[in-house]
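S.K.: The structure is given below, and queries will be raised subsequently.
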């Protein structure tokens, strides 16, 4: 049986997983980004390499390749570029350094693309060649698959649907512009919608979901509107790549019963008739904690 | 030298071209759709086959394949499906019938996809693997190329950017919905903008362009707004496939000096910084009258 390393680089912690070719995570170790934040990124990269070696030694196996999912990951160069939530700004080669250091292929892409690949290899997208994978978390990430291939674009940065404009001159987005889909449909967006609708007090999107499930009208409306906004943009997205499905992943997707109905209604109402009643709305088939590591490993398989 | 047939099926006439592998149109014949409108589509297809045979006989060559560009063309099935501007509604197999009848491969796609392929083979997109081809005519058609491949989508209908929504609840579109980009940026859209801005009398987009070039302020404003609208949507489109270029084709593209400046200004102002100052705005490198035939032939080469 062949073994791979799947690395999920996040803003807070980085998980290094040892993954079998059938898609089981055999073992994993976790590094805290904060422990390296004041150092050069080289030390952080070296630590990832050490963790891969330790896992391989512990389980007496050879690593065939390393796949990495990272924020602002550039597939073509294997770099992280100007990631706003990482301590190291600028452009940093990750995959080329790990490839040399570990003497095996290393491939990097952004986390949503890695997720889409994981979904094709091990999840609900096994039989899909055309779909859009959408991660609903702090932001809204997307990985676009067409003809069985992830679309990377000329520079490696395709698939940033979260930064398509939903409302011209709308809410401020972390990207510095206004009205991005992500400013409405994300953990942050849900909290802002809650306050816009008159909600008060400290709360979380999860709390709002629980209150909605218990019938709180304001909280029901928060998720209903979230579905409306997303549905409107998904109607638009269909005109680009005509996907067979939208696949949802992330903490918010767990509350799908609260926003899928309004999402589907708005999407179908607003979609061009070429695409109407054709698109499946699916939830990820992978566990929340494993998907990024599995997807990253699948990238190099 | 190898020879191919490139067929451009339009709403009014259909051109059958004999094309060399280097991309010259050696000869062509034209059928008027009206002559067949009251007949079964079978007669129309048979006439296309006869014209291909006549051209091959006249120039003493063998046809290696037939490429067809058609409105609402479905690449996967070789069908025309529910084309609003054709006398034959419903779904009609074109490529499979021609393939059997002429004993050579026949491939069909929509006209914008054929144009994009022509541009890669013979035009300005020779060195581009990621670009979006936009035809500005009666409507706004688009062909999306990613990683060197046309994106067809799961059903063959990807690339209908003209029917992405520019203005929610905006102008009526021929597709039955409201606010589509095509209702603003197309021959029809330009006439409506002219009237919205207070323009009167019988005119054409070409007349408006000539008047704009002579300094008529209202006409200058018509094209300036057209560029603004298109630029806004092109900023959005970049988030899907991160193209290296947008390539423009069609009668309106000839007036590019009137709308490219406002298009570029609005696009760059509204685009996410990942894509800023990276995208080329190009005009087609193929002659208006030859592009569709060359593109169709390139499809089967």
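The values are calculated or read from the model by the stated rules, or taken from the named source; none is laboratory data. Keep in mind the model is a prediction, meaning the values are calculated, not measured. All Cβ positions, glycine included, derive from the backbone under ideal geometry; neighbour counts span all protein chains shown.
S.K.: For region B:1-62, which strands (runs of 3 or more DSSP E) that fit wholly inside it have 2 or more residues that are in the same structural domain as residue B:101 (by TED's automatic domain parsing) and surrounded by fewer than 19 Cβ atoms within 10 Å (Cβ to Cβ)? Don't jump to the end; show me each part of the working.
M.R.: Values: elements: B:3-9, B:13-20, B:25-32.
Answer list for region B:1-62: B:13-20, B:25-32.
S.K.: Quick one: in region A:128-149, which of the residues that are surrounded by fewer than 24 Cβ atoms within 10 Å (Cβ to Cβ) and modelled with pLDDT of 95 or more is nearest to the other protein chains (Cβ to nearest Cβ)? Write out each step before concluding.
M.R.: Applying the first criterion (surrounded by fewer than 24 Cβ atoms within 10 Å (Cβ to Cβ)) to region A:128-149 yields A:128-130, A:137-138, A:147-149.
From what's left, modelled with pLDDT of 95 or more: A:128-130, A:147-149.
Details: A:128: 8, A:129: 7, A:130: 4, A:147: 6, A:148: 10, A:149: 6 Å.
Across region A:128-149, the extreme among qualifying residues is A:130.
S.K.: So which of B:153, B:139 ends up being touching a residue at least 40 places away in the same chain (Cβ under 8 Å) and closer than 25 Å to residue A:279 by Cβ?
M.R.: On the way: B:153 fails: touching a residue at least 40 places away in the same chain (Cβ under 8 Å).
The match here is B:139.
S.K.: Related question: Determine whether region B:182-189 contains at least one residue that is modelled with pLDDT of 95 or more, more than 30 Å from residue B:108 (Cβ to Cβ), more than 10 Å from every other protein chain (Cβ to nearest Cβ) and within 19 Å of the chain's Cα centre (by Cα).
M.R.: Within region B:182-189, none of the residues are modelled with pLDDT of 95 or more, more than 30 Å from residue B:108 (Cβ to Cβ), more than 10 Å from every other protein chain (Cβ to nearest Cβ) and within 19 Å of the chain's Cα centre (by Cα).
S.K.: Is there a residue in region A:120-130 that is touching a residue at least 60 places away in the same chain (Cβ under 8 Å), assigned to a loop (DSSP other than H, G, I, E, B) and farther than 27 Å from residue A:1 by Cβ?
M.R.: Filtering region A:120-130 down to residues touching a residue at least 60 places away in the same chain (Cβ under 8 Å) leaves A:120-125, A:128-130.
Subsequent filtering for residues that are assigned to a loop (DSSP other than H, G, I, E, B) retains A:123-125, A:128-130.
Filter once more, keeping what is farther than 27 Å from residue A:1 by Cβ: A:129-130.
Yes, region A:120-130 contains a residue that is touching a residue at least 60 places away in the same chain (Cβ under 8 Å), assigned to a loop (DSSP other than H, G, I, E, B) and farther than 27 Å from residue A:1 by Cβ.
S.K.: Moving on to the next point. In region B:63-82, which residues are in a loop (DSSP other than H, G, I, E, B) and either in contact with a helix residue (DSSP H, G or I) (Cβ under 7 Å, 6 or more places away or on another chain) or under 18 Å from residue B:117 (Cα atoms) (or both)?
M.R.: Keep residues of region B:63-82 that are in a loop (DSSP other than H, G, I, E, B), which gives B:71-72, B:75-78, B:82.
Answer for region B:63-82, where residues must be in a loop (DSSP other than H, G, I, E, B) and either in contact with a helix residue (DSSP H, G or I) (Cβ under 7 Å, 6 or more places away or on another chain) or under 18 Å from residue B:117 (Cα atoms) (or both): B:71, B:72, B:75, B:76, B:78.
S.K.: Is it fair to say residue B:26 is free of Cβ contacts under 8 Å to residues at least 60 places away in the same chain and touching a helix residue (DSSP H, G or I) at 6+ places or on another chain (Cβ under 6 Å)? If you could, list the steps in order and put the result at the bottom.
M.R.: Working: free of Cβ contacts under 8 Å to residues at least 60 places away in the same chain: yes; touching a helix residue (DSSP H, G or I) at 6+ places or on another chain (Cβ under 6 Å): no.
Judged against the criteria, residue B:26 is not a match.
S.K.: Counting residues that are closer than 23 Å to residue A:123 by Cα and modelled with pLDDT of 95 or more, which helices (runs of 4 or more DSSP H) fully inside region A:196-301 reach at least 2? It would help to see each step written out before you state the result.
M.R.: On the way: elements: A:205-213, A:217-241, A:256-270, A:291-300.
Counting at least 2 such residues, we get A:217-241, A:256-270, A:291-300.
S.K.: Do we find that residue A:256 is within 30 Å of residue B:166 (Cα to Cα) and either touching a residue at least 40 places away in the same chain (Cβ under 8 Å) or in contact with a strand residue (DSSP E or B) (Cβ under 7 Å, 6 or more places away or on another chain) (or both) in this structure?
M.R.: Details: within 30 Å of residue B:166 (Cα to Cα): yes; either touching a residue at least 40 places away in the same chain (Cβ under 8 Å) or in contact with a strand residue (DSSP E or B) (Cβ under 7 Å, 6 or more places away or on another chain) (or both): yes.
So residue A:256 fits the description; yes.
S.K.: Something else now. Out of the residues in region B:92-119 that are outside any helix (DSSP H, G or I) and out of contact with any helix residue (DSSP H, G or I) (no Cβ under 7 Å at 6 or more places or on another chain), state the one that is farthest from residue B:288 (Cα to Cα). Outline the logic, then answer.
M.R.: Initial filter on region B:92-119 (outside any helix (DSSP H, G or I)): B:92-94, B:103-110.
This time we only want the ones that are out of contact with any helix residue (DSSP H, G or I) (no Cβ under 7 Å at 6 or more places or on another chain), so: B:93, B:103-104, B:110.
Values: B:93: 27, B:103: 30, B:104: 28, B:110: 17 Å.
Applying the filter and picking the extreme gives B:103.
S.K.: Residues B:169, B:155: which one is in a loop (DSSP other than H, G, I, E, B), under 20 Å from the mean Cα position of the chain (by Cα) and within 14 Å of chain A (Cβ to nearest Cβ)?
M.R.: B:155
S.K.: Inside region A:172-183, can you point out the residues that are closer than 15 Å to residue A:226 by Cα and outside any loop (DSSP other than H, G, I, E, B)? Show your work before the answer.
M.R.: Start the filter on region A:172-183 by keeping residues that are closer than 15 Å to residue A:226 by Cα, which leaves A:179-183.
A:180, A:181, A:182, A:183 - these are the residues of region A:172-183 that are closer than 15 Å to residue A:226 by Cα and outside any loop (DSSP other than H, G, I, E, B).
S.K.: For residue A:99, which of the numbered conditions (1) free of Cβ contacts under 8 Å to residues at least 60 places away in the same chain; (2) within 26 Å of residue A:248 (Cα to Cα) fails to hold?
M.R.: Going through (1) free of Cβ contacts under 8 Å to residues at least 60 places away in the same chain; (2) within 26 Å of residue A:248 (Cα to Cα) one by one, residue A:99 breaks only (2).
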